[in-house]
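Worksheet for the structure shown next.
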Amino acid sequence: MITKRKNHLLGDVIPVIIIAAILIVLKEFKLISTSRLLILQYIGLYSIFVLGINMVNGYLGIFSLAHAGFMASGAYAAAISSKYFFKESWMFPLILLFGGLIAMLIGLIMSIPSFKAKGDYLAIITLGFSLIVQSFLQNWRFVGASKGINNVAKFTNIYWVYGCLLFAIIIVRKFINSKYGRSLKAIREDQVASELVSVDVKRAKTIAFAVSAFLIGISGALLVHLLGYTSPSAYGYTNIVDGLVMVYLGGMGSITGSIVGATLWQILIQTLKNLGTWRWVVGGGLLCVIMIFLTNGIFGNKELSDAIHAIRKYFSRSKTNKTISEETTK
Amino acid sequence: MSDRENRQNPLLHVSDLVVSYGKIAAIKGISFDVYKGEIVAMLGANGAGKTTTLNALTSVISVKNGEIVFKGKNIKGMPTHKITIMGMIHVPEGRRIFPSLTVGENLRAAAYLYEKKDKALFENRRDYVMNLFPRLRERVTQLGGTLSGGEQQMLAIGRALITGGDIVLMDEPSMGMAPNLVMEIFETIKKIAENGQTIMLVEQNAMMAMEIAHYCYVLETGNVTYDGTPQMMKANKNIVEAYLGS
(Lines give C-alpha, C1' and ligand atoms only; values in the text may rest on other atoms or scores of the structure.)
Protein backbone atom coordinates (compact mmCIF):
# COMPACT_ATOMS: atom_id res chain seq x y z
CA MET A 1 0.00 0.00 0.00
CA ILE A 2 1.17 3.48 -0.76
CA THR A 3 0.53 5.77 2.15
CA LYS A 4 0.41 9.50 1.77
CA ARG A 5 3.58 11.14 3.01
CA LYS A 6 3.36 14.84 2.65
CA ASN A 7 4.52 16.38 5.87
CA HIS A 8 6.58 13.43 6.93
CA LEU A 9 9.82 14.70 5.44
CA LEU A 10 10.58 16.20 8.83
CA GLY A 11 9.86 12.84 10.44
CA ASP A 12 12.97 11.37 8.88
CA VAL A 13 15.14 14.45 8.85
CA ILE A 14 14.66 15.45 12.49
CA PRO A 15 16.19 12.24 13.86
CA VAL A 16 19.22 12.81 11.64
CA ILE A 17 19.58 16.38 12.92
CA ILE A 18 19.34 15.19 16.51
CA ILE A 19 21.91 12.50 15.82
CA ALA A 20 24.17 15.08 14.17
CA ALA A 21 23.90 17.37 17.20
CA ILE A 22 24.83 14.49 19.47
CA LEU A 23 27.79 13.73 17.21
CA ILE A 24 29.03 17.31 17.34
CA VAL A 25 28.90 17.28 21.12
CA LEU A 26 30.62 13.92 21.27
CA LYS A 27 33.40 14.94 18.92
CA GLU A 28 34.11 18.50 19.94
CA PHE A 29 34.07 17.77 23.64
CA LYS A 30 36.09 14.59 23.10
CA LEU A 31 33.55 12.44 24.85
CA ILE A 32 34.23 9.59 22.50
CA SER A 33 37.33 7.61 21.62
CA THR A 34 38.84 7.91 18.15
CA SER A 35 38.00 4.33 17.30
CA ARG A 36 34.35 4.84 18.22
CA LEU A 37 34.31 8.00 16.15
CA LEU A 38 35.61 6.00 13.22
CA ILE A 39 32.78 3.49 13.63
CA LEU A 40 30.29 6.36 13.60
CA GLN A 41 31.74 7.57 10.32
CA TYR A 42 31.55 4.08 8.88
CA ILE A 43 27.90 3.96 9.87
CA GLY A 44 27.19 7.23 8.13
CA LEU A 45 28.94 6.47 4.89
CA TYR A 46 27.63 2.93 4.66
CA SER A 47 24.15 4.33 5.19
CA ILE A 48 24.63 6.33 2.01
CA PHE A 49 25.94 3.19 0.32
CA VAL A 50 22.88 1.19 1.40
CA LEU A 51 20.49 3.96 0.35
CA GLY A 52 22.05 3.74 -3.09
CA ILE A 53 21.71 -0.04 -3.24
CA ASN A 54 18.13 0.20 -2.02
CA MET A 55 17.26 2.37 -4.98
CA VAL A 56 17.76 -0.50 -7.41
CA ASN A 57 17.46 -3.61 -5.24
CA GLY A 58 14.66 -2.28 -3.04
CA TYR A 59 12.50 0.22 -4.85
CA LEU A 60 13.03 -1.04 -8.38
CA GLY A 61 13.11 -4.67 -7.25
CA ILE A 62 16.03 -5.71 -9.42
CA PHE A 63 18.57 -8.01 -7.83
CA SER A 64 21.73 -6.16 -8.76
CA LEU A 65 25.27 -6.84 -7.57
CA ALA A 66 26.82 -3.86 -9.30
CA HIS A 67 27.29 -1.82 -6.12
CA ALA A 68 30.87 -2.94 -5.53
CA GLY A 69 31.76 -1.75 -9.02
CA PHE A 70 30.01 1.58 -8.51
CA MET A 71 31.72 2.10 -5.16
CA ALA A 72 35.11 1.26 -6.65
CA SER A 73 34.64 3.67 -9.53
CA GLY A 74 33.47 6.45 -7.23
CA ALA A 75 36.32 5.85 -4.80
CA TYR A 76 39.03 5.70 -7.46
CA ALA A 77 37.69 8.68 -9.38
CA ALA A 78 37.63 10.73 -6.19
CA ALA A 79 41.08 9.57 -5.10
CA ILE A 80 42.61 10.41 -8.47
CA SER A 81 40.92 13.80 -8.55
CA SER A 82 42.12 14.72 -5.08
CA LYS A 83 45.65 13.56 -5.86
CA TYR A 84 46.04 15.45 -9.11
CA PHE A 85 43.49 18.23 -9.34
CA PHE A 86 41.62 19.16 -6.19
CA LYS A 87 44.38 19.21 -3.63
CA GLU A 88 42.94 21.74 -1.19
CA SER A 89 40.58 20.70 1.53
CA TRP A 90 37.95 23.27 0.56
CA MET A 91 37.65 21.44 -2.76
CA PHE A 92 36.30 18.37 -1.02
CA PRO A 93 32.72 18.90 -2.26
CA LEU A 94 34.08 18.91 -5.82
CA ILE A 95 35.92 15.68 -5.13
CA LEU A 96 32.78 14.06 -3.79
CA LEU A 97 30.75 15.33 -6.71
CA PHE A 98 33.35 14.07 -9.17
CA GLY A 99 33.35 10.61 -7.60
CA GLY A 100 29.56 10.55 -7.63
CA LEU A 101 29.29 11.70 -11.23
CA ILE A 102 31.80 9.18 -12.57
CA ALA A 103 29.95 6.39 -10.78
CA MET A 104 26.70 7.80 -12.16
CA LEU A 105 28.04 7.67 -15.72
CA ILE A 106 28.96 4.05 -15.24
CA GLY A 107 25.54 3.49 -13.66
CA LEU A 108 23.90 4.86 -16.80
CA ILE A 109 25.77 2.30 -18.87
CA MET A 110 24.90 -0.48 -16.41
CA SER A 111 21.19 0.26 -16.77
CA ILE A 112 21.26 -0.90 -20.39
CA PRO A 113 21.39 -4.66 -19.65
CA SER A 114 18.48 -4.25 -17.23
CA PHE A 115 16.15 -3.37 -20.11
CA LYS A 116 16.14 -6.91 -21.42
CA ALA A 117 17.77 -9.24 -18.92
CA LYS A 118 15.79 -10.38 -15.91
CA GLY A 119 16.28 -12.04 -12.55
CA ASP A 120 19.23 -14.38 -12.22
CA TYR A 121 20.68 -13.39 -15.58
CA LEU A 122 20.80 -9.74 -14.66
CA ALA A 123 22.32 -10.64 -11.29
CA ILE A 124 25.10 -12.47 -13.09
CA ILE A 125 25.67 -9.58 -15.50
CA THR A 126 25.96 -7.10 -12.63
CA LEU A 127 28.23 -9.48 -10.72
CA GLY A 128 30.39 -9.70 -13.83
CA PHE A 129 30.50 -5.93 -13.98
CA SER A 130 31.71 -5.63 -10.39
CA LEU A 131 34.41 -8.21 -10.93
CA ILE A 132 35.52 -6.59 -14.21
CA VAL A 133 35.92 -3.26 -12.44
CA GLN A 134 37.93 -4.94 -9.70
CA SER A 135 40.27 -6.78 -12.03
CA PHE A 136 40.63 -3.72 -14.23
CA LEU A 137 41.83 -1.74 -11.22
CA GLN A 138 44.13 -4.60 -10.22
CA ASN A 139 45.90 -4.33 -13.55
CA TRP A 140 45.93 -0.59 -14.13
CA ARG A 141 49.46 0.67 -13.31
CA PHE A 142 48.39 4.32 -13.14
CA VAL A 143 46.28 3.65 -10.07
CA GLY A 144 48.89 1.45 -8.45
CA ALA A 145 47.54 -1.89 -9.70
CA SER A 146 46.88 -4.26 -6.83
CA LYS A 147 48.70 -2.04 -4.33
CA GLY A 148 46.09 0.65 -4.85
CA ILE A 149 46.36 4.36 -4.17
CA ASN A 150 48.13 5.45 -1.02
CA ASN A 151 48.54 8.77 0.77
CA VAL A 152 45.16 10.15 -0.17
CA ALA A 153 44.42 13.30 1.81
CA LYS A 154 42.14 12.49 4.75
CA PHE A 155 39.50 15.10 4.10
CA THR A 156 36.57 13.13 5.41
CA ASN A 157 35.36 13.99 8.86
CA ILE A 158 32.18 13.23 10.70
CA TYR A 159 30.44 16.40 9.53
CA TRP A 160 31.05 15.64 5.89
CA VAL A 161 29.78 12.11 6.35
CA TYR A 162 26.56 13.10 8.06
CA GLY A 163 26.07 16.12 5.83
CA CYS A 164 26.22 13.81 2.81
CA LEU A 165 23.89 11.36 4.52
CA LEU A 166 21.33 14.10 5.08
CA PHE A 167 21.69 15.11 1.45
CA ALA A 168 21.27 11.48 0.36
CA ILE A 169 18.15 11.04 2.48
CA ILE A 170 16.58 14.15 0.99
CA ILE A 171 17.41 13.05 -2.56
CA VAL A 172 15.99 9.56 -2.08
CA ARG A 173 12.93 10.91 -0.29
CA LYS A 174 12.14 13.43 -3.03
CA PHE A 175 12.81 10.91 -5.74
CA ILE A 176 10.71 8.13 -4.26
CA ASN A 177 7.67 10.33 -3.83
CA SER A 178 8.00 11.79 -7.31
CA LYS A 179 6.38 10.45 -10.47
CA TYR A 180 9.53 8.45 -11.25
CA GLY A 181 9.73 6.97 -7.78
CA ARG A 182 6.18 5.76 -8.03
CA SER A 183 6.85 4.32 -11.45
CA LEU A 184 9.76 2.34 -9.95
CA LYS A 185 7.40 0.74 -7.47
CA ALA A 186 4.96 -0.02 -10.27
CA ILE A 187 7.72 -1.73 -12.24
CA ARG A 188 8.63 -3.75 -9.16
CA GLU A 189 5.01 -4.90 -8.86
CA ASP A 190 4.55 -5.80 -12.51
CA GLN A 191 6.65 -4.56 -15.37
CA VAL A 192 4.25 -5.43 -18.18
CA ALA A 193 1.27 -3.93 -16.38
CA SER A 194 3.14 -0.70 -15.74
CA GLU A 195 4.12 -0.49 -19.39
CA LEU A 196 0.48 -0.91 -20.28
CA VAL A 197 -0.51 2.03 -18.09
CA SER A 198 2.12 3.97 -20.05
CA VAL A 199 5.08 4.00 -17.68
CA ASP A 200 8.31 4.55 -19.57
CA VAL A 201 10.15 1.55 -18.16
CA LYS A 202 13.51 2.23 -19.81
CA ARG A 203 13.67 5.78 -18.56
CA ALA A 204 12.65 4.82 -15.04
CA LYS A 205 15.31 2.11 -14.90
CA THR A 206 17.99 4.41 -16.28
CA ILE A 207 17.23 7.08 -13.70
CA ALA A 208 17.12 4.57 -10.86
CA PHE A 209 20.52 3.16 -11.78
CA ALA A 210 21.97 6.64 -12.19
CA VAL A 211 20.79 7.89 -8.80
CA SER A 212 21.82 4.64 -7.15
CA ALA A 213 25.31 4.76 -8.63
CA PHE A 214 25.66 8.44 -7.74
CA LEU A 215 24.98 7.80 -4.06
CA ILE A 216 27.19 4.72 -3.97
CA GLY A 217 29.94 6.69 -5.70
CA ILE A 218 29.77 9.40 -3.05
CA SER A 219 30.00 6.80 -0.29
CA GLY A 220 33.08 5.39 -2.03
CA ALA A 221 34.64 8.85 -2.25
CA LEU A 222 34.01 9.42 1.46
CA LEU A 223 35.52 6.05 2.32
CA VAL A 224 38.78 6.73 0.43
CA HIS A 225 39.24 10.09 2.09
CA LEU A 226 38.45 8.59 5.45
CA LEU A 227 41.00 5.79 5.26
CA GLY A 228 43.61 7.65 3.21
CA TYR A 229 44.18 4.74 0.87
CA THR A 230 42.28 2.39 -1.36
CA SER A 231 43.00 -0.90 -3.04
CA PRO A 232 41.06 -3.12 -5.45
CA SER A 233 40.70 -5.88 -2.86
CA ALA A 234 38.19 -3.74 -0.96
CA TYR A 235 35.67 -3.98 -3.80
CA GLY A 236 35.29 -7.69 -4.24
CA TYR A 237 32.88 -10.32 -2.97
CA THR A 238 33.09 -9.10 0.62
CA ASN A 239 31.87 -5.67 -0.41
CA ILE A 240 29.04 -7.15 -2.48
CA VAL A 241 27.88 -9.37 0.37
CA ASP A 242 28.30 -6.56 2.89
CA GLY A 243 26.00 -4.33 0.87
CA LEU A 244 23.36 -7.03 0.45
CA VAL A 245 23.38 -7.96 4.13
CA MET A 246 22.84 -4.34 5.16
CA VAL A 247 19.99 -3.88 2.68
CA TYR A 248 18.21 -7.09 3.67
CA LEU A 249 18.81 -6.53 7.37
CA GLY A 250 17.26 -3.08 7.35
CA GLY A 251 14.50 -3.68 4.86
CA MET A 252 14.06 -3.45 1.12
CA GLY A 253 12.63 -0.17 -0.06
CA SER A 254 12.89 1.77 3.18
CA ILE A 255 15.05 4.78 3.97
CA THR A 256 14.91 4.17 7.70
CA GLY A 257 15.62 0.52 7.05
CA SER A 258 18.75 1.37 5.07
CA ILE A 259 20.15 3.41 7.91
CA VAL A 260 19.19 0.88 10.57
CA GLY A 261 20.67 -1.94 8.51
CA ALA A 262 23.95 -0.10 7.97
CA THR A 263 24.15 0.88 11.63
CA LEU A 264 23.52 -2.57 13.07
CA TRP A 265 25.83 -4.32 10.65
CA GLN A 266 28.70 -1.87 11.11
CA ILE A 267 28.43 -2.06 14.89
CA LEU A 268 28.35 -5.84 14.71
CA ILE A 269 31.31 -6.09 12.34
CA GLN A 270 33.39 -3.63 14.31
CA THR A 271 32.67 -5.16 17.72
CA LEU A 272 33.40 -8.62 16.40
CA LYS A 273 36.75 -7.49 15.05
CA ASN A 274 38.56 -9.65 17.60
CA LEU A 275 37.10 -12.75 16.01
CA GLY A 276 39.11 -12.10 12.83
CA THR A 277 37.81 -14.02 9.85
CA TRP A 278 35.23 -15.73 12.04
CA ARG A 279 33.14 -12.61 12.12
CA TRP A 280 32.05 -13.32 8.56
CA VAL A 281 30.75 -16.66 9.78
CA VAL A 282 28.74 -14.87 12.46
CA GLY A 283 27.55 -12.40 9.86
CA GLY A 284 26.54 -15.13 7.43
CA GLY A 285 24.69 -16.95 10.21
CA LEU A 286 22.88 -13.74 11.07
CA LEU A 287 21.85 -13.34 7.43
CA CYS A 288 20.31 -16.84 7.51
CA VAL A 289 18.38 -15.96 10.66
CA ILE A 290 17.10 -12.73 9.10
CA MET A 291 15.95 -14.51 5.97
CA ILE A 292 14.04 -17.09 8.01
CA PHE A 293 12.44 -14.92 10.69
CA LEU A 294 12.41 -11.44 9.20
CA THR A 295 11.82 -11.99 5.51
CA ASN A 296 11.33 -8.31 4.84
CA GLY A 297 14.13 -7.07 7.06
CA ILE A 298 13.63 -5.06 10.22
CA PHE A 299 11.63 -2.27 8.68
CA GLY A 300 10.26 -4.00 5.59
CA ASN A 301 9.13 -1.22 3.30
CA LYS A 302 7.96 0.92 6.20
CA GLU A 303 9.53 4.17 7.36
CA LEU A 304 10.13 5.59 10.80
CA SER A 305 7.57 8.27 10.02
CA ASP A 306 5.01 5.51 9.36
CA ALA A 307 5.75 4.04 12.77
CA ILE A 308 5.39 7.42 14.46
CA HIS A 309 2.16 7.95 12.60
CA ALA A 310 0.84 4.54 13.67
CA ILE A 311 1.79 5.13 17.30
CA ARG A 312 0.12 8.53 17.29
CA LYS A 313 -2.99 7.04 15.74
CA TYR A 314 -3.00 4.23 18.31
CA PHE A 315 -2.79 6.64 21.22
CA SER A 316 -5.44 8.98 19.92
CA ARG A 317 -7.71 6.00 19.37
CA SER A 318 -7.15 4.55 22.85
CA LYS A 319 -7.86 8.00 24.26
CA THR A 320 -11.19 8.23 22.51
CA ASN A 321 -11.97 4.68 23.59
CA LYS A 322 -11.23 5.66 27.16
CA THR A 323 -13.53 8.66 27.08
CA ILE A 324 -16.25 6.55 25.55
CA SER A 325 -15.84 3.82 28.16
CA GLU A 326 -15.79 6.42 30.94
CA GLU A 327 -18.97 7.89 29.64
CA THR A 328 -20.64 4.53 29.48
CA THR A 329 -19.63 3.67 33.07
CA LYS A 330 -21.10 6.92 34.23
CA MET B 1 -21.69 -4.59 -39.67
CA SER B 2 -22.59 -5.83 -43.05
CA ASP B 3 -21.26 -2.75 -44.83
CA ARG B 4 -17.75 -3.58 -43.70
CA GLU B 5 -16.41 -3.94 -47.23
CA ASN B 6 -17.36 -0.38 -48.02
CA ARG B 7 -15.74 1.22 -45.01
CA GLN B 8 -12.56 3.18 -45.42
CA ASN B 9 -9.63 3.86 -43.10
CA PRO B 10 -9.68 1.19 -40.46
CA LEU B 11 -8.67 2.34 -36.97
CA LEU B 12 -6.26 -0.55 -36.82
CA HIS B 13 -4.89 -2.24 -39.88
CA VAL B 14 -2.57 -5.21 -39.61
CA SER B 15 -1.04 -6.87 -42.62
CA ASP B 16 1.25 -9.87 -42.93
CA LEU B 17 2.14 -9.88 -39.26
CA VAL B 18 4.84 -12.40 -38.43
CA VAL B 19 5.94 -13.10 -34.88
CA SER B 20 8.32 -15.83 -33.90
CA TYR B 21 9.72 -17.23 -30.70
CA GLY B 22 13.24 -18.16 -31.70
CA LYS B 23 12.92 -20.25 -34.83
CA ILE B 24 9.30 -21.19 -34.27
CA ALA B 25 6.87 -18.87 -35.98
CA ALA B 26 3.86 -18.31 -33.74
CA ILE B 27 2.10 -15.95 -36.14
CA LYS B 28 2.65 -16.71 -39.78
CA GLY B 29 1.59 -13.60 -41.62
CA ILE B 30 -1.92 -12.66 -40.56
CA SER B 31 -3.89 -9.63 -41.71
CA PHE B 32 -6.95 -8.06 -40.18
CA ASP B 33 -8.73 -4.75 -39.79
CA VAL B 34 -10.57 -3.17 -36.90
CA TYR B 35 -12.94 -0.29 -37.66
CA LYS B 36 -14.02 2.41 -35.28
CA GLY B 37 -16.86 1.46 -32.96
CA GLU B 38 -16.66 -2.26 -33.65
CA ILE B 39 -16.22 -5.22 -31.40
CA VAL B 40 -13.87 -7.55 -33.22
CA ALA B 41 -13.37 -11.01 -31.81
CA MET B 42 -10.40 -13.19 -32.53
CA LEU B 43 -11.28 -16.81 -31.86
CA GLY B 44 -9.19 -19.90 -31.76
CA ALA B 45 -8.01 -22.86 -29.73
CA ASN B 46 -5.09 -22.96 -27.31
CA GLY B 47 -1.81 -22.13 -28.96
CA ALA B 48 -3.41 -20.60 -32.02
CA GLY B 49 -1.52 -17.35 -31.41
CA LYS B 50 -4.28 -15.12 -30.08
CA THR B 51 -2.38 -13.73 -27.10
CA THR B 52 0.77 -13.44 -29.18
CA THR B 53 -1.12 -11.28 -31.65
CA LEU B 54 -2.26 -8.86 -28.97
CA ASN B 55 1.18 -8.75 -27.37
CA ALA B 56 2.69 -7.98 -30.76
CA LEU B 57 0.24 -5.12 -31.31
CA THR B 58 1.41 -3.32 -28.17
CA SER B 59 5.09 -4.29 -28.56
CA VAL B 60 5.11 -6.41 -25.42
CA ILE B 61 6.92 -8.87 -27.68
CA SER B 62 8.83 -7.88 -30.78
CA VAL B 63 7.43 -8.26 -34.26
CA LYS B 64 9.49 -9.97 -36.91
CA ASN B 65 7.69 -8.80 -40.01
CA GLY B 66 4.60 -7.05 -41.20
CA GLU B 67 2.80 -3.81 -40.73
CA ILE B 68 0.70 -2.50 -37.84
CA VAL B 69 -1.04 0.74 -38.75
CA PHE B 70 -2.93 2.46 -35.97
CA LYS B 71 -4.67 5.77 -36.65
CA GLY B 72 -2.78 5.99 -39.92
CA LYS B 73 0.62 5.59 -38.31
CA ASN B 74 2.90 2.58 -38.42
CA ILE B 75 3.44 1.61 -34.80
CA LYS B 76 5.53 -1.48 -35.41
CA GLY B 77 8.45 -1.50 -32.99
CA MET B 78 7.26 1.56 -31.09
CA PRO B 79 7.82 1.22 -27.32
CA THR B 80 4.82 -0.02 -25.35
CA HIS B 81 4.25 3.10 -23.28
CA LYS B 82 4.10 5.25 -26.42
CA ILE B 83 1.54 2.97 -28.02
CA THR B 84 -0.51 3.29 -24.85
CA ILE B 85 -0.23 7.07 -25.03
CA MET B 86 -1.42 6.93 -28.64
CA GLY B 87 -4.60 5.30 -27.44
CA MET B 88 -4.25 1.55 -27.74
CA ILE B 89 -4.96 0.05 -24.34
CA HIS B 90 -4.19 -3.56 -23.56
CA VAL B 91 -5.88 -5.62 -20.86
CA PRO B 92 -3.25 -8.32 -20.61
CA GLU B 93 -3.70 -12.02 -20.15
CA GLY B 94 -3.87 -12.96 -16.48
CA ARG B 95 -5.05 -9.44 -15.61
CA ARG B 96 -1.74 -8.25 -14.17
CA ILE B 97 -3.19 -5.87 -11.65
CA PHE B 98 -0.89 -4.45 -8.97
CA PRO B 99 -1.47 -6.88 -6.08
CA SER B 100 -0.16 -4.73 -3.25
CA LEU B 101 -2.10 -1.64 -4.25
CA THR B 102 -5.71 -1.13 -3.30
CA VAL B 103 -8.43 -1.09 -5.93
CA GLY B 104 -8.55 2.71 -5.79
CA GLU B 105 -4.78 2.95 -6.14
CA ASN B 106 -4.78 0.54 -9.06
CA LEU B 107 -7.23 2.82 -10.83
CA ARG B 108 -5.15 5.86 -9.98
CA ALA B 109 -2.03 4.19 -11.36
CA ALA B 110 -3.85 3.93 -14.68
CA ALA B 111 -4.24 7.70 -14.72
CA TYR B 112 -0.49 7.98 -14.29
CA LEU B 113 -0.17 10.27 -17.31
CA TYR B 114 -2.83 12.87 -16.68
CA GLU B 115 -4.07 12.65 -13.09
CA LYS B 116 -2.15 15.67 -11.84
CA LYS B 117 -3.03 17.79 -14.86
CA ASP B 118 -6.67 16.92 -15.17
CA LYS B 119 -8.24 15.73 -11.96
CA ALA B 120 -11.77 16.19 -13.24
CA LEU B 121 -11.16 13.88 -16.20
CA PHE B 122 -9.83 11.22 -13.84
CA GLU B 123 -12.82 11.51 -11.51
CA ASN B 124 -15.15 11.40 -14.47
CA ARG B 125 -13.63 8.25 -15.83
CA ARG B 126 -13.43 6.69 -12.38
CA ASP B 127 -17.13 7.27 -11.85
CA TYR B 128 -17.79 5.76 -15.26
CA VAL B 129 -15.82 2.64 -14.28
CA MET B 130 -17.48 2.43 -10.88
CA ASN B 131 -20.89 2.59 -12.50
CA LEU B 132 -19.94 -0.14 -14.95
CA PHE B 133 -18.62 -2.30 -12.14
CA PRO B 134 -20.42 -1.43 -8.88
CA ARG B 135 -18.44 -4.26 -7.24
CA LEU B 136 -15.26 -2.17 -7.53
CA ARG B 137 -16.87 0.69 -5.63
CA GLU B 138 -17.60 -1.66 -2.73
CA ARG B 139 -14.01 -2.85 -2.65
CA VAL B 140 -12.18 0.36 -3.32
CA THR B 141 -9.93 0.08 -0.25
CA GLN B 142 -9.26 -3.63 -0.63
CA LEU B 143 -5.87 -4.81 -1.87
CA GLY B 144 -5.86 -5.86 -5.52
CA GLY B 145 -4.27 -9.20 -4.72
CA THR B 146 -7.13 -10.22 -2.44
CA LEU B 147 -9.85 -9.82 -5.07
CA SER B 148 -11.51 -12.82 -6.66
CA GLY B 149 -10.63 -13.67 -10.25
CA GLY B 150 -13.74 -12.03 -11.63
CA GLU B 151 -13.23 -8.87 -9.63
CA GLN B 152 -9.62 -8.73 -10.75
CA GLN B 153 -10.80 -8.92 -14.34
CA MET B 154 -13.20 -6.05 -13.69
CA LEU B 155 -10.38 -4.07 -12.17
CA ALA B 156 -8.12 -4.78 -15.15
CA ILE B 157 -10.80 -3.61 -17.57
CA GLY B 158 -11.52 -0.61 -15.36
CA ARG B 159 -7.86 0.27 -15.36
CA ALA B 160 -7.79 0.19 -19.15
CA LEU B 161 -10.83 2.44 -19.35
CA ILE B 162 -9.28 4.98 -17.00
CA THR B 163 -6.12 5.05 -19.05
CA GLY B 164 -8.48 6.11 -21.80
CA GLY B 165 -7.94 5.28 -25.42
CA ASP B 166 -9.64 4.64 -28.71
CA ILE B 167 -9.20 0.90 -28.80
CA VAL B 168 -9.14 -1.60 -25.95
CA LEU B 169 -7.47 -4.95 -26.54
CA MET B 170 -8.88 -7.60 -24.22
CA ASP B 171 -7.14 -10.87 -23.66
CA GLU B 172 -9.51 -13.64 -22.55
CA PRO B 173 -11.79 -11.61 -20.31
CA SER B 174 -13.74 -14.75 -19.44
CA MET B 175 -10.76 -16.82 -18.33
CA GLY B 176 -11.30 -18.68 -15.06
CA MET B 177 -14.62 -17.09 -14.27
CA ALA B 178 -17.98 -18.38 -13.14
CA PRO B 179 -20.53 -18.61 -15.99
CA ASN B 180 -22.90 -15.96 -14.62
CA LEU B 181 -19.98 -13.56 -14.19
CA VAL B 182 -18.91 -14.25 -17.76
CA MET B 183 -22.32 -13.05 -18.92
CA GLU B 184 -21.94 -9.93 -16.82
CA ILE B 185 -18.50 -9.11 -18.18
CA PHE B 186 -19.63 -9.54 -21.76
CA GLU B 187 -22.65 -7.33 -21.20
CA THR B 188 -20.29 -4.69 -19.87
CA ILE B 189 -17.98 -5.04 -22.86
CA LYS B 190 -20.97 -4.43 -25.07
CA LYS B 191 -21.83 -1.33 -23.07
CA ILE B 192 -18.27 -0.03 -23.37
CA ALA B 193 -18.45 -0.40 -27.14
CA GLU B 194 -21.81 1.36 -27.21
CA ASN B 195 -20.17 4.25 -25.38
CA GLY B 196 -17.80 4.70 -28.27
CA GLN B 197 -14.66 2.72 -27.56
CA THR B 198 -13.53 0.17 -30.11
CA ILE B 199 -12.82 -3.28 -28.75
CA MET B 200 -10.67 -6.09 -29.94
CA LEU B 201 -11.34 -9.25 -28.06
CA VAL B 202 -9.41 -12.48 -27.92
CA GLU B 203 -11.49 -15.37 -26.66
CA GLN B 204 -11.65 -19.10 -26.32
CA ASN B 205 -15.27 -18.91 -25.33
CA ALA B 206 -16.38 -18.54 -28.94
CA MET B 207 -20.12 -18.74 -28.26
CA MET B 208 -20.07 -15.81 -25.85
CA ALA B 209 -17.75 -13.75 -28.01
CA MET B 210 -19.95 -14.20 -31.05
CA GLU B 211 -22.95 -12.96 -29.12
CA ILE B 212 -21.48 -9.49 -28.87
CA ALA B 213 -18.98 -9.25 -31.73
CA HIS B 214 -19.59 -7.45 -34.98
CA TYR B 215 -16.90 -9.30 -36.82
CA CYS B 216 -14.84 -12.41 -36.09
CA TYR B 217 -11.51 -13.78 -37.15
CA VAL B 218 -10.66 -17.42 -36.59
CA LEU B 219 -7.04 -18.10 -35.87
CA GLU B 220 -5.52 -21.52 -36.31
CA THR B 221 -1.86 -22.28 -35.57
CA GLY B 222 -0.73 -18.83 -36.59
CA ASN B 223 -2.96 -18.29 -39.62
CA VAL B 224 -6.31 -16.60 -40.07
CA THR B 225 -8.36 -19.42 -41.52
CA TYR B 226 -11.73 -17.75 -41.60
CA ASP B 227 -13.27 -14.36 -41.10
CA GLY B 228 -16.80 -13.08 -41.21
CA THR B 229 -19.72 -11.78 -39.22
CA PRO B 230 -21.06 -13.99 -36.43
CA GLN B 231 -24.12 -14.78 -38.56
CA MET B 232 -21.92 -15.98 -41.39
CA MET B 233 -19.90 -18.06 -38.98
CA LYS B 234 -22.93 -19.71 -37.48
CA ALA B 235 -24.18 -20.53 -40.95
CA ASN B 236 -20.93 -22.22 -41.87
CA LYS B 237 -21.13 -25.86 -40.96
CA ASN B 238 -17.37 -26.48 -40.86
CA ILE B 239 -16.74 -23.63 -38.50
CA VAL B 240 -19.53 -24.69 -36.20
CA GLU B 241 -18.14 -28.19 -36.04
CA ALA B 242 -14.55 -27.14 -35.52
CA TYR B 243 -14.97 -24.39 -32.96
CA LEU B 244 -18.41 -24.14 -31.53
CA GLY B 245 -19.25 -27.75 -30.81
CA SER B 246 -22.69 -29.24 -31.47
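The values are calculated or read from the model by the stated rules, or taken from the named source; none is laboratory data. These figures come from a predicted structure and were not determined experimentally. We place every Cβ from the backbone using ideal geometry, glycine too, and count neighbours over all the protein chains shown. Remember, those area values only see protein heavy atoms, side chains included, never the ligands or the DNA or RNA. Shrake-Rupley method; radii C 1.70, N 1.55, O 1.52, S 1.80 Å.
Of A:G257, A:G217, all but one fail to be within 30 Å of A:R279 (Cβ to Cβ) and at pLDDT 90 or above; the exception is A:G217. Being within 8 Å of chain B (Cβ to nearest Cβ) and not in a helix (DSSP H, G or I) holds for only one residue in A:V192, A:V199, and it is A:V199. In region B:156-246, counting only helices (runs of 4 or more DSSP H) that sit wholly within it, the ones holding 2 or more residues that are out of contact with any Gly (no Cβ under 6 Å at 6 or more places or on another chain) and closer than 23 Å to B:L136 by Cα span B:179-194. The listed residues are A:N177, A:N150, A:N139, and the only one of them that is within 14 Å of chain B (Cβ to nearest Cβ), surrounded by fewer than 17 Cβ atoms within 10 Å (Cβ to Cβ) and out of contact with any Leu (no Cβ under 8 Å at 6 or more places or on another chain) turns out to be A:N177. Filtered by the rule that a residue be closer than 23 Å to B:S20 by Cβ and either open to solvent by 40 Å² or more (accessible area, probe 1.4 Å) or not small (G, A, S) (or both), region B:200-225 gives B:M200, B:V202, B:Q204, B:Y217, B:V218, B:L219, B:E220, B:T221, B:N223, B:V224, B:T225. Only one of the numbered conditions (1) open to solvent by less than 20 Å² (accessible area, probe 1.4 Å); (2) touching a Phe, Trp or Tyr at 6+ places or on another chain (Cβ under 6 Å); (3) in a loop (DSSP other than H, G, I, E, B) is violated by B:E115, and that is (1). Checking each residue in region B:47-74 for being hydrophobic (A, V, I, L, M, F, W, C), within 14 Å of chain A (Cβ to nearest Cβ) and touching a helix residue (DSSP H, G or I) at 6+ places or on another chain (Cβ under 9 Å) picks out B:L57, B:V60, B:I61.
Scanning region B:166-180 for residues that are crowded, with 17+ Cβ neighbours inside 10 Å and among the hydrophobic types (A, V, I, L, M, F, W, C), we see that the one that is modelled with the lowest pLDDT is B:M177.
Kindly indicate the residue of region A:29-45 that is of a type in the set (A, V, I, L, M, F, W, C) and surrounded by 12 or more Cβ atoms within 10 Å (Cβ to Cβ) and also nearest to the chain's Cα centre (by Cα) among those meeting that condition. Per the criteria, the residue is A:L45. Looking across A:A234, A:A221, one residue alone is surrounded by 24 or more Cβ atoms within 10 Å (Cβ to Cβ) and of a type in the set (A, V, I, L, M, F, W, C). It is A:A221.
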